[in-house]
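One structure is given here, and the rest of the page talks about it.
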Amino acid sequence: MSHGTPDAARASTAGVGIGGIALLFVLMIGLVLVVSLIGYLCSCVARRDQLPPGRLPFRAGIALGGCAAVLVYLWGLLYMPSDDAHYLREACAEAGGAERAAGVVGYETGFVPLRFVCRLDGGGGISTIPSWINPTVGALVAVTLILAAAALLTRGPARGRRS
């Protein structure tokens, strides 16, 4: 078998895709982060009388934007196939059709931005990650960072230390 054939791509899939334990670990970390951000948001709402005026909308926006970005990323992560050769071929066939998937010569993965591409023998590739995932995550992160910067810029004078 030469490395230019689809059989070579199917035979050498070590380190491609995401293993079951790794996927569960990343999902767990993401869900813990989302629950933590929701807890932060709830604590801000509960003590809104103690916050300086106008701070709650910024904090709520930051927490909700962060939650949304993490959830969309996790949703995209669910489109990453397992590292088993059968699932890799199946993901390529689902994303680009059986005819195009027959010409797969390799795989490319990435986690930032999230991608799984089935490389074709004639050039190009088939992406299994929906095209809206990465732009949506990017936009949500950008909005969250803009809100954080606005919150810092609109912050009142620093409180002095009391002796």
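The values are calculated or read from the model by the stated rules, or taken from the named source; none is laboratory data. Note that the structure is predicted; figures quoted are calculated from it, not measured. Glycine also receives a Cβ, built like all others from the backbone with ideal geometry; neighbour counts cover every protein chain displayed. SASA here: full protein model, heavy atoms, side chains in, ligands and nucleic acids out. Shrake-Rupley method; radii C 1.70, N 1.55, O 1.52, S 1.80 Å.
If you check 120, 140, 74 for being more than 20 Å from residue 26 (Cα to Cα), modelled with pLDDT of 85 or more and of a type outside the set (D, E, K, R), only one passes: 120. Taking (1) open to solvent by less than 60 Å² (accessible area, probe 1.4 Å); (2) under 23 Å from residue 28 (Cα atoms); (3) free of Cβ contacts under 8 Å to residues at least 12 places away in the same chain in turn, residue 97 satisfies each apart from (2).
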